[in-house]
Amino acid sequence: MIRITVTNGVAEIVLDAPERLNALNPGDIAELDAAYREAERAGVRALVLRGEGRAFCAGRDISGVDPLTDDVDAYLGGLVTPLLQRMAAFPAPTFAAAHGACLGVGLGLLIATDVVYVADTAKIGSPFAKLGATLDSGGHALFFERLGAHKTLDLIYTGRLMSGDEAVASGLFSRVFPAADVVEATREAARTAASGATQAFLASKALIASLRDERLGLWNSLAAENRAQAALCETADYREGFAAFQEKREPTFTGRG
């Protein structure tokens, strides 16, 4: 079950199936996709994703899956990948609060989110060794890029799970908080972003995506930054930011172009 609320320009999307550690079946994936569509239609300026209960998301719900008839490519390629792409392209800053199990598809949800705050009690890694399956939903790319080949394969071969502290120290995610504080810290970050210069944030989001996906070098990246800055000069928030600086006051951003 997926819930969504919108308050003061911030959407909060909640994975709400704590009895199964928010593991996702095909219906849940469709609901989650619909929630992101709804948030986009609402024109929110920031989004928070979190899970109810003891875990953020334990991955795919395999409780009723028969491996003899399972169409795993339809689930991963036909449902999960399009969802992750929609999440990554969401037209506002996105934040996730992660606690407990963050595995498989659950890890993929975090990878597709702009900023991830994790609880110290989070469990992150590759639990697939005991299933005869392999890491999915972008986990190989994340771990290899941040941890290197040896640590990645160590996690995969052993099934060892990292704590939130270790995941942040390893550069996987943004910041670690006590479990009791992580949701409110994430909400506060989203509220701050929602009052900021949204178009400037989206320019940085696009630049980071290009660096990740196209492997831009320094000078190509610099040129892309220059183009983005020139485009931002035409926005109301750019003019407001400069005026507020010159007038020695706090800016009031609208998020519009």
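The values are calculated or read from the model by the stated rules, or taken from the named source; none is laboratory data. Here the structure is a predicted model, which is why all the values come from computation and not from measurement. Don't worry about glycine lacking a Cβ; one is built from the backbone with ideal geometry, like all the others, and counts go over all protein chains shown. Note: accessible area is taken over every heavy atom of the protein model, side chains too, but ligands, DNA and RNA are not part of it. Shrake-Rupley method; radii C 1.70, N 1.55, O 1.52, S 1.80 Å.
Listed by first and then second residue, the pairs with beta-carbon distance under 7 Å, at least 6 apart or on different chains, first residue in the range 28-45 and in contact (Cβ under 8 Å) with a residue 40 or more places away in the chain and over 15 Å from Asp16 (Cα atoms), second open to solvent by 30 Å² or more (accessible area, probe 1.4 Å) and assigned to a loop (DSSP other than H, G, I, E, B), are Glu40/Pro91. Scanning the range 213-224 for residues that are open to solvent by 50 Å² or more (accessible area, probe 1.4 Å) and outside any helix (DSSP H, G or I) gives a single hit, Arg215. Of the residues making up the range 93-122, those that are over 8 Å from the mean Cα position of the chain (by Cα) and in a loop (DSSP other than H, G, I, E, B) are Pro93, His99, Gly100, Gly104, Asp120, Thr121, Ala122. For the range 1-22, residues that are within 17 Å of Arg60 (Cβ to Cβ) and open to solvent by less than 10 Å² (accessible area, probe 1.4 Å) total 3. Taking the criterion of being more than 21 Å from Gln199 (Cβ to Cβ) and among the charged types (D, E, K, R), the residues of the range 214-229 that qualify are Glu214, Arg215. Residue-level check: of (1) charged (D, E, K, R); (2) open to solvent by 30 Å² or more (accessible area, probe 1.4 Å); (3) in contact (Cβ under 8 Å) with a residue 40 or more places away in the chain, Asp237 misses just (2).
Only residues that are in contact (Cβ under 8 Å) with a residue 40 or more places away in the chain, in a helix (DSSP H, G or I), over 30 Å from Ala231 (Cβ atoms) and open to solvent by 60 Å² or more (accessible area, probe 1.4 Å) were counted in the range 167-212, giving 1.
Any residue at all in the range 88-106 that is of a type in the set (Val, Ile, Thr) and open to solvent by 10 Å² or more (accessible area, probe 1.4 Å)? Looking through the range 88-106, none of the residues is of a type in the set (Val, Ile, Thr) and open to solvent by 10 Å² or more (accessible area, probe 1.4 Å). Taken together, the residues in the range 23-44 that are crowded, with 19+ Cβ neighbours inside 10 Å and more than 17 Å from Met87 (Cβ to Cβ) amount to 1.
Restricting attention to the range 240-255, the residues that are surrounded by 10 or more Cβ atoms within 10 Å (Cβ to Cβ) and either closer than 22 Å to Ala46 by Cβ or in contact (Cβ under 8 Å) with a residue 40 or more places away in the chain (or both) total 8. Residues in the range 35-71 that are modelled with pLDDT under 95 and either in a loop (DSSP other than H, G, I, E, B) or of a type in the set (S, T, N, Q) (or both): Gly59, Asp61, Ile62, Ser63, Gly64, Val65, Asp66, Pro67, Leu68, Thr69, Asp70, Asp71. Scanning the range 107-118 for residues that are in contact with a Gly (Cβ under 9 Å, 6 or more places away or on another chain) and open to solvent by 20 Å² or more (accessible area, probe 1.4 Å) returns a single hit, Ile111. For the range 73-80, the condition of being farther than 23 Å from His150 by Cβ, part of a helix (DSSP H, G or I) and in contact with a strand residue (DSSP E or B) (Cβ under 6 Å, 6 or more places away or on another chain) holds for none of the residues.
Could you list, in sequence order, all residues of the range 225-253 that are part of a helix (DSSP H, G or I) and either touching a His at 6+ places or on another chain (Cβ under 7 Å) or within 21 Å of Arg191 (Cα to Cα) (or both)? Listed by number, the residues that qualify are Ala236, Asp237, Tyr238, Glu240, Gly241, Ala244.
Screening Arg256 with (1) assigned to a helix (DSSP H, G or I); (2) within 23 Å of Ala88 (Cβ to Cβ); (3) at pLDDT below 90 gives one miss only, at (1).
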